[in-house]
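Before any comments, here is the structure.
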Amino acid sequence: MASSCTQLCLQCRSLLRSKTVASTWRYSIQVCHCSTVTSLPTKILNGSSVVRGNHSTTQARQWWKQQTFCYSDLTAEHLATAIKEDKNIEELSRANVVAYKSPLLPIRDAVPVIESQMPSDLDATEFSALEEIDDEEAVSISVPSALPPASTSLRDYVDQSETLSKLVQLGVNLWKLEQRPNVGSMLLRLNFNTDVAPRLLFLKEIGVEDSRFGYIVTHNPFILSESLENLQARVNYLKSKKFSSETVASMVSRAPYLLNFSVKRLDNRLGFYQQQLNLSASNTRNIVARLPRLLCGSLEPVKENLKVCKLELGFKENEIQHMVIAIPKVLTANKRKLTQIFDFLHNTMKVPHHLVAKFPQVLNAKYLRIRERHQFLEYLGKAQYDPTLPNYISLDRLVSLPDETFCTELASATLEDFYLFQKTL
């Protein structure tokens, strides 16, 4: 067998000059090349197909043998034709003998593979990372822009994030949100269509105006992560307490965190104000509707102000009740400011408790305005706050009127006179 292979190799090498057997030589070289490459564990054939030897099946092996014998028969036919045409082949090619494995032998591991003839179970992937492409194809490949791996500002992500770009269009102040820990990363993880849009539609359905969306999300971005079931349950609870739909929408618009609290907490807050102030259900709804952040903020400042009004300032329970119903903000006012204003009213202006309780809006005014106007009236001799005496000036008008009206109606002076007096203080 070895001698016959050697002779056949010599004959093949000598046929390079003959046009008739040129194709025969290409077939032989292809089969030999395949037998050499098959020793690798992974074969790359036709530039894209990948076949592993350890994945061979019985069907595949039979198909390989058929292909091998097909190539062998074709090679033998061409060789026989060449021998008949040239009787002196052996003498001409003896100097260029090159030993190689006989292509006539069945090759078990690998054969030339034609993708169109491969069995379906041996189909390879359509594309390969090793496949070469020309410059035009490389330029035409579009690479999506990636988000920056890290940044200290959300503005670097606006162009790539649909959620952030839509929130900006709604009027959300991203520069405020990025100052809060973990809020920026939360917004980047949200999908606008599945996470943000349903919450905004819910707010619209309960009556919140579109122009308030930006304010609500800016102050409470966590509403975007609340489940719709919880949001609906809290709205239903407020309506069950006889808050109208318009009132609920107004409360949510002015107190963005309202719907983030559970039904149990909302119920406890309403019960606290009703019991502590001894209010009716109607009055409780009234003060909460006017100042909805009473249901959102901490109760400690409220308890502290109630103690200050009762123990330090000396108001009676019914007077405190009246002040809270008239000006709910008294419950959340700064303790220092509340004490400072009352001290000036009671000890300097000599206003009794019942008059302060009758006009509680004076406690919500600016201390500087009260002091300047009182001193100007005192300078003119018109600082009279007793309703039983003539030329009475009510505390309400003292703090609520604009400067020009105050000068003409209460002080009987010009605005320039008041400004000149302010420069002497």
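The values are calculated or read from the model by the stated rules, or taken from the named source; none is laboratory data. Bear in mind that the values here come from a model prediction, so they are computed numbers and not experimental data. Virtual Cβ from ideal backbone geometry, glycine too; neighbours counted across all protein chains shown. Only protein heavy atoms, including side chains, enter the accessible area calculation; ligands, DNA and RNA are left aside. Shrake-Rupley method; radii C 1.70, N 1.55, O 1.52, S 1.80 Å.
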Under the 0.36 nm per residue contour assumption, what length would be gained going from the current alpha-carbon distance of A197 and S185 to full extension? 2.5 nm
Where in the range 328-354 does the amide nitrogen come within less than 13 Å of the point 7 Å from the Cα of K316, taken along Cα to Cβ? 353-354
Fraction of alpha-carbon pairs in the range 239-394 farther than 22 Å apart, rounded to whole percent, equals 47
Pairs K204/K337; K241/K303; K176/K241; K176/K204: which exceed 30 Å Cα-Cα? K204/K337; K176/K241
I'd like the FRET efficiency for E209 and L368, computed as 1/(1 + (r/R0)^6) with the beta carbon distance as r and R0 of 45 Å, rounded to 0.05. 0.80
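Taking 10 °C and 1.306 mPa s as the conditions, I'd like the Stokes-Einstein D for the range 159-292 in µm²/s, using the Kirkwood hydrodynamic radius from alpha carbon pairs. Don't skip to the answer; put the middle values down first.
Numbers: Rh = 15.8 Å.
The calculation lands on 101 µm²/s.
In debye to the nearest 20, how big a dipole does the range 257-399 give about its Cα centre with +1 on each Lys and Arg Cβ and -1 on each Asp and Glu Cβ?
400
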Loop trypsin sites (Lys or Arg not before Pro), the range 242-290, which have at most 11 other Cβ atoms in a 10 Å radius of their Cβ (DSSP): K242
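Counting Lys and Arg as +1 and Asp and Glu as -1, each charge on the Cβ, what is the dipole of the range 301-345 about the Cα centre in debye, to the nearest 20?
160
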At R0 = 41 Å the Cβ-Cβ FRET efficiency linking I133 and N236, nearest 0.05, sits at 0.10
Per residue, accessible area of the range 177-230 with a 1.4 Å probe, heavy atoms of protein chains only, in Å², comes to 51
Going by Cα centres, the range 355-425 and the range 281-324 are how many Å apart? 27
